[in-house]
Every structure is written in C-alpha cells, then in structure tokens.
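Beneath this line is the structure, given in structure tokens, with notes to follow.
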Amino acid sequence: MNDFTRIVAYSNDGISLVTELKLAPDGLPAFNLKIYDADPPSLKPVLVYFHGGNWISGSLKTCDSICTTLAEGSGYTVISVDYALAPEHHFPVPLYQGLAVLNWIKKQGCYFGIDKEKIVVGGDNAGGNIAAGLVHLINQTREYKLLGQLLVCPALHYQFDTPSYNIYEKGYFISKELMKLCWATYLGNPGEAFNESASPLLVFDVDHVPPTLIYTAEHDPLRYEAELYAAVLQEQGIKLSFQRFKGTTHYFWQMDAILDTARKAHQEAIKWLISVNKQNS
C-alpha cells in the first residue's frame, strides 16, 4: 500500500508538471510535498528543499518561486517539504520527516522521474539547519550517499555570542532576541541544543559531508556560524563552493522579485547543481 496520497497535479505555465502529495509515514505527523518538474519518462537528480521560517512558520508557498526557478534552470526535480512546525512539533521531527522523504524517493521516486542515487538536500534559514542536520542523521543510518547539500544563510549552532550576532544583534530583519526565542521553541528540550543534528557545527569529523554550496549574507546575525562551518568543511577536504553576498540581509535569497542579487544567487546555485550532477554522472 502506498504511504502517500496524490493531492493535485497541474501544469506550471504549460511547461513543468507540478504535483502535490501528502506523505503519512508511521510514527510521524503527516505532511505535504510539492514536486516540481516531475517527468516520469526520464530519471533526473533531485533537490529536496526545506523552506525557511525559523522552524515556527513558512509553508510550501514560502519557497514556491525559488523551487520553480531551481527546477526549471537545473534540470533537477525539486521536492519542497512542508515539514511540521514548532511549537506543536519539536526537534527532531522535521529531520525524520526529511528522512521519510528520502525513503519515499527510494521506493516511489522512479514513478516521478527521480534518480534515487542522485539526491541533493538543501534549504534556507531553518531549512538549511534541517538539511545540514539531515546529512549527519543519514551518516548514522548509512543508507544514503548524497550528491550534495545547498545551504543558504543556515542556522548551524545554538550560540548567540558570535561576532556577527554581536554586530547585527538587531535592526537587520532578524535579531538575536528572535533567534533565541525560535531556537527554544523548536528544541523544546534545551538539552537537544548540543545534539549534532540540531547544531551541525558541533560535528567534529565531516568526512561524510557531500559537496556543499554555502551562501551567507553580509548583514546577518547567522553569518559567522555558516562561514565557520564552511571553513571546517574546506579544512577537512570537502568540496566547497562558498559566497558571501555583500550588502545583503538574512532574507535576501527570498527577494528575487525585487533584488538582482537574489536572482544572481539563484543562477549561481543552478550552475552548482548542474556541476555536481555532471561530476557524478
């Protein structure tokens, strides 16, 4: 019996097939997926994307434009994950929902034109945290070898005394006070802050991490932890593409309707996705 229900399938501008599914894994809250550019006749790599929203907000609509752009430009199928939000659900529920998506890809992905051997995980803000944490959770199960991870302004450590938190503490759309509240709401149990899948920067040995793209914004309280993570990956020989976007704030990635910088970042991410796929073909 299938563990998913097809909700709707429709054509986006007459080009890309977009399908929405409801996934109901055992022991987890049911949640929706939106699959962009599902094309059964040919197997494609897939980007599993987790939206931002500080773990307490956001939905499939939050990253609809981004996922459409990435799917149409990269030749990937993109799966957007409407993971369970806090305070109703705490860590590690979204990570296990992400793992359930990978399990679904393994069993059912071929019917949507997805190559189960070519999976990239990614996200922005809290979604970047979930994607990076999922990479380490997968390492514990050793069931998957990922193609890559794409992290945009990710939250990677439960700490609030970094140089960027001190410089951009408030007045830049996202604040230290807000992040403290959101972290506490997401974790539920403060002791989980030191779990490596909650705070991926705590992982000492990153040999299992796949090729990685990291974007940071110059005026972002979270910038330092993401750039430190990039340095750790590079030091341990992980293939890394990194860029700090000058003059931008935390949510720049989502502002493609008004910012040339955001559109440029999307195009660079598309090039990276194409590149990691070619390197593994």
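Within segment 224-241, the set of residues being in contact with a helix residue (DSSP H, G or I) (Cβ under 6 Å, 6 or more places away or on another chain) and closer than 22 Å to residue 159 by Cα comprises 224, 225, 229.
So that you can scan it fast, the table gives a plain yes or no per residue for (1) hydroxyl-bearing (Ser, Thr, Tyr); (2) part of a loop (DSSP other than H, G, I, E, B); (3) in contact with a Pro (Cβ under 6 Å, 6 or more places away or on another chain); (4) open to solvent by less than 60 Å² (accessible area, probe 1.4 Å):
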| position | (1), (2), (3), (4) |
| --- | --- |
| 191 | no, no, no, yes |
| 214 | no, no, no, yes |
| 221 | no, yes, no, yes |
| 226 | no, no, yes, yes |
| 229 | yes, no, no, yes |
| 243 | no, no, no, yes |
| 246 | no, no, no, no |
| 257 | no, yes, no, no |
| 261 | yes, no, no, yes |
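Looking only at segment 89-142, which residues are farther than 15 Å from residue 67 by Cβ and among the small types (Gly, Ala, Ser)? Within segment 89-142, 98, 100, 109, 113, 126, 132, 133 qualify. Return the residues of segment 129-154 that are surrounded by fewer than 24 Cβ atoms within 10 Å (Cβ to Cβ), of a type outside the set (A, V, I, L, M) and touching a strand residue (DSSP E or B) at 6+ places or on another chain (Cβ under 9 Å); say none if nothing qualifies. Once the filter is applied, which keeps residues that are surrounded by fewer than 24 Cβ atoms within 10 Å (Cβ to Cβ), of a type outside the set (A, V, I, L, M) and touching a strand residue (DSSP E or B) at 6+ places or on another chain (Cβ under 9 Å), segment 129-154 yields 144, 145.
The residue that is most open to solvent (accessible area, probe 1.4 Å), counting only those in segment 82-107 that are farther than 16 Å from residue 26 by Cα and touching a Leu at 6+ places or on another chain (Cβ under 9 Å), is 90.
For segment 167-189, a residue qualifies if it is touching a strand residue (DSSP E or B) at 6+ places or on another chain (Cβ under 9 Å) and either open to solvent by less than 50 Å² (accessible area, probe 1.4 Å) or at pLDDT 95 or above (or both), and the qualifying residues are 167, 168, 174.
The values are calculated or read from the model by the stated rules, or taken from the named source; none is laboratory data. Bear in mind that the values here come from a model prediction, so they are computed numbers and not experimental data. We place every Cβ from the backbone using ideal geometry, glycine too, and count neighbours over all the protein chains shown. Remember, those area values only see protein heavy atoms, side chains included, never the ligands or the DNA or RNA. Shrake-Rupley method; radii C 1.70, N 1.55, O 1.52, S 1.80 Å.
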